[in-house]
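Notes follow the structure.
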Amino acid sequence: DEVVATGEADLEDLELGSRGRHVWRRVGGIRHGRECAMNADRAEAARGPGRAVILLSGGLDSATVAAWAIREGWLPTALSIDYGQRHRVELDSARAVACHLGIRDHVVLRVDLAPFGSSALLDASIPVPHDRPAAAMASGIPVPYVPARNTVFLSLALALAEARGGAAEAGGVR
């Protein structure tokens with residue numbers, strides 16, 4: 001990794017974006033590339049309860065959990081799952097959040113969930129619904145649903161925590 005910037009930054013300073021394969025963020029008006037090691041010393045120096053594996057999707061929930069774990073003194077290992085999802089920006093955002101928080105141990109694991117069933121998140125031939133009425137959302141299984149996705153993710157986080165000597169796993173799910 002290349003250190004692009006050093007110093008301290010807070011989550012409210014983070015603006016994520018993507019152009020092709022290059023992930024960038026803007027902190028205090030300065031643009032930083034994906035290889036940035038911002039706040040690396042703070043995350044690496046965390047001393048406290050031990051190592052925590054954090055499921056990091058790149059969304060607000062998982063970014064908040066990661067920031068909380070670091071603040072509480074956990075040494076973070078981030079785990080992002082490339083399950084073949086159509087929205088690749090999710091993984092780009094996870095990389096940017098890990099960089100922003102100074103998480104140096106970030107594992108991106110490829111797991112093909114397509115065999116578990118058809119889903120609009122995995123199959124480009126199934127349109128992703130937008131602006132559905134509440135009645136439509138209340139009936140049946142939604143087409144973006146990936147069977148047992150979060151259960152699979154938690155199992156993988158548990159396996160990684162065991163392999164890395166982790167004492168905890170954390171994730172923000174809806």
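Residue ranges 141-147, 124-130, 151-157, 96-102 sort as 96-102, 151-157, 141-147, 124-130 when ordered by packing (mean number of other C-beta atoms within 10 Å per residue, highest first). Ligands, DNA and RNA excluded, the heavy atoms of ARG51 present near 60 Å² of accessible surface to a 1.4 Å solvent probe. When the GluC sites (Glu not before Pro) in region 43-125 are filtered for DSSP coil states and for at most 15 other beta-carbon atoms within 10 Å of their beta-carbon, the remaining sites are GLU72. Rolling a 1.4 angstrom probe over the protein heavy atoms with all chains in place gives region 102-162 an accessible area of 64 Å² per residue. Across region 74-174, Cα-Cα pairs farther apart than 16 Å form 64% of the total.
For region 127-174, the alpha carbon convex hull comes to 100 Å³ per residue, rounded to a whole number.
Backbone amide hydrogens, once placed in the peptide plane, bring VAL108 within less than 5 Å of SER80, excluding anything fewer than 5 places away on its chain.
Near the amide H of ARG51, within less than 5 Å, lie the amide hydrogens of LEU75, ALA167, all on another chain or at least 5 residues away, with H placed in the peptide plane.
The values are calculated or read from the model by the stated rules, or taken from the named source; none is laboratory data. As the structure is a prediction and not an experimental result, all values here were calculated from the model. With ideal geometry, Cβ positions are generated from the backbone for all residues, glycine too; neighbour counts draw on all protein chains shown. Ligands, DNA and RNA are stripped out before the accessible areas are found, and what is left, the full protein with its side chains, is counted by its heavy atoms. Shrake-Rupley method; radii C 1.70, N 1.55, O 1.52, S 1.80 Å.
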